[in-house]
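Down below is the structure, laid out as structure tokens.
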Amino acid sequence: MQMKKTLAAILSTSMTLSMLSVSAFAAEDKPLMEDAANSWAASSIDRWVQQGIVQGDADGSFKPYRSLTRGELATVFVRMFGLTKKAENRYDDLDGSEWYADAVLRCTAAGILEGDGRNVNATAPVTRQEAMTMFARAMGMTPDASPDLSQFTDGSETAGWAAGYMAPLAKMGILQGVGADRIAPHDNIDRASTMALLDKAIEEYITAPGDVVLENGNGFTVINIAASAARANDAVGLSGTTAGVVISAGTQTDVAAADLTADTIRVDGSAAVSLHGNTTAEHVTVHSAASVAIGADAQADTVTLSGLQAALSVAGTVGTVTIASDRNMLTVTGTVSAVEVTRDASGTTVSAEAGGQIDAVSAAGAGMTVQGEGTVSSLVASEGASDITVNTSGTRIDNNSSEAVTAGTGTIEPGKAGTSQGAEQAPTQDGPSSGSDSDDSAGGGSNNSGGSGGSGSGDSDAEEEQQADIVKAPLFDQSGTIEAEKLVQDYHISSTVKADVTEVTIHGTRLMKHENAQHSYNYWIGFGIPAAEGNTYYAGYGEVPEALGEPVASIADRTYEENGKAYNTVYFGLKDRDLEEGAYVVVKNGEEAVTYKVSFDVTLAPVAENLQLWIVNDEESYNRIPSDYTASYPWDESYLEPDNAAALPWLALSYDSNVTGTVDIQVTKDGEPVGTIHHESSTVNPGRYQLWHLTKPAESEGKDYFDQVDPAGTYVVTITKDSQTVTTEELVYAPKSR
């Protein structure tokens, strides 16, 4: 089925009326972009103009031989893949007001664009290896562990982070080089070449429901159905062979695959996806709150759930299911070899239903429940796991966490092992966990720890530890909201030098979120490295990668002087995962290289603190309200009069706010919502407050009130700010009769 021509015909009579520029309505034999008429990629350019993916410059020209910038390519991908979710801006060189900022952050959220660890370099031309890598990530491809580009004379010049993606594209014939057996990884890619790449790689671009037979194992399929093109009760039916399928973020139409063979299936939309018949897929990744069903005769090697509230049901066969987001649900009536719940996941539910078989579960997250009448052979609670409940029968439990694992009516204590006996019985106790750190396994000077990163245990001949010549980086809030001395407490640096690796620990408590010199808002903290001419810096989060990528030029540009010596400062914008995974800095100078492995002993200031919730029903309780309110509205005895529009009782909330931005406040009584408040913008400010009438006042006077007759009950207030929540203690109110 030639979907390229079919879709072009459909679009030319319906959807494109609102998507294309005026030039798209010229005669059929006239090119859509006149300045691209003689381009070798003219047909490819026309295809994506028709689809509304590219629209040309403001003057209506395409300029096919002009280099494409990273921001422009991000915009193309946002349109092509219908990307909707935006990442928080953690790029130093992205203000957020640029025309391309939205696209950059959407591509970042989708894992397509990563930057160099600090900057995104959106205005820089895209190199061929960058474009290929971004495309491969967009398609959900898994990089080759041992990439081979030896068929190209310059294949060895490809960066390590790109080679793993480019090698499979070369095998598929999508990447063919630029002549003379060259791949030219560092050359800039122009607009025409980019359109040709996408045209060659994307065999089918589906924008309306219907059945499609795929016939190219070396071409990809993209489903991007706008809401206006979706029809009630219609679905996309896929069969045949394709290299990969991407279901875009904006697609809500259901997708059903029958007898489909695909290397990858990437689900970014909220569609219901079913794989049935003799469907096989190597890798399925779910990045949204989608529901995916794998039928009885279908199979997948790996499935990864990284979208909030994603649901997976397995009636067929799956090798490994990885759960890496919150409130995911896995239901198994078929067979799953392994379930891996990462530390980024919380609130996971794993159900092995009757007839279902899960061989092994590894749990590193929080709030996980394993249940059902099926079989779960074993579960290992790893270090950092918490609030794990196992209600299946016959599951061997090894608890290597620091918290007890609940098993039925009993528990398996930390460092212990046992076997669950179902939800209604206590587990049997089997003794020490096979993975626990007992004295017998930890001592004796063993050198088989696999490079523990400096714990020192067993290294009897270790050299004397030395402190590195580093200093803490100065912190300033460029918005002027928070005084420098209040940004962090107990701020200091400790370090240990071991050969060419320096282990750095950054210490601090109650680190406040603040604005840096690039006007990026984050929990910034860092350290200074002695400045030297010729220093080149590479930095990022997590372990040091084999391929360092591009250097971070901004580090060498920042110089800080302390005690008469110059230091270059490295700053890290912390997220919760960074506190666990750490970071790295590699400094190269000529043939020398020094690696700094960074860990964070840092606590972040809560978004709000010092919460107080009370009932205002007399002068004394009224005067607990922050003074900026009571100074403007002094106590008035008329508040005690029932017929007064401002009559008591009130519910009062006060708190200190530690971050700027939108804030949502929800009040519940006896577990049910009774009131909400949304402020589009708020600032760092001690003594914030909110007041509510517990019942509707006698007259409307502009104050907030709860539309309830009986104010008695148990109140709780939750503040949501910066994607974090804090909750007050319960307040029980039983009014006295007058």
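Below is a table of values for the structure above.
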item	result
Stokes-Einstein diffusion coefficient of region 31-176, Kirkwood radius over Cα pairs, 37 °C, 0.692 mPa s, in µm²/s	199 µm²/s
Length-normalised contact order for the chain - Cα pairs under 8 Å, 6+ apart - percent	6 percent
Between 0 and 90°, nearest 10: helix 70-81 axis offset from the chain longest Cα axis	90 degrees
Accessible area (Å², per residue) of region 186-329, counting only protein heavy atoms and a probe of 1.4 Å	34 Å²
Contact order normalised by residue count of region 163-297, Cα under 8 Å, 6+ apart, percent	15 percent
Hz values of 3J(HN,Hα) by residue in region 188-200 - Karplus curve (6.51, -1.76, 1.60), Gly and Pro given as x	6, 9, 8, 5, 4, 5, 5, 5, 5, 4, 5, 5, 6
Carbon and sulfur %, accessible surface of the chain computed with the full protein complex present, 1.4 Å	46 percent
DSSP-assigned coil residues among GluC sites (Glu not before Pro) in region 633-728, each with at most 10 further Cβ atoms within 10 Å	Glu680, Glu699
Label point at Lys85 placed 7 Å out along Cα→Cβ; residues across region 319-353 whose backbone nitrogen lies under 20 Å	321-331, 340-350
Charge sum, other residues only, whose C-beta stays under 12 Å from Gly115's C-beta, Lys/Arg counted +1 and Asp/Glu -1	-3
Per-residue SASA entry for Ser520, accessible area with 1.4 Å probe, Å² rounded to 10	0 Å²
Label-reachable residues, region 376-411, where backbone N falls under 11 Å from a point 7 Å from Gln429's Cα toward its Cβ	411
Partners for Lys565 among aspartates and glutamates (Cα-Cα distance below 15 Å; same-chain residues under 8 apart left out)	Asp469, Glu533
Structure-based [θ]222 nm, the chain - -39500 (n - 2.57) summed over DSSP H runs of at least 4, per residue, nearest 500	-3500 deg cm²/dmol
Whole-number percent relative contact order across region 237-332, with pairs defined as alpha carbons under 8 Å at least 6 apart	20 percent
Fraction of antiparallel bridges per DSSP, the chain only, in percent to nearest 5	45 percent
Entries of Lys472/Lys588; Lys85/Lys597; Lys85/Lys588; Lys86/Lys486; Lys86/Lys597 with Cα pairs more than 28 Å apart	Lys85/Lys597; Lys85/Lys588; Lys86/Lys486; Lys86/Lys597
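The values are calculated or read from the model by the stated rules, or taken from the named source; none is laboratory data. Since the model is a prediction, treat every value here as computed from it, not as a measurement. For neighbour counting, all protein chains shown are included, and Cβ atoms are generated from backbone atoms with ideal geometry for every residue, glycine included. Calculation scope for accessible area: heavy atoms of the full protein, side chains included, ligands and nucleic acids excluded. Shrake-Rupley method; radii C 1.70, N 1.55, O 1.52, S 1.80 Å.
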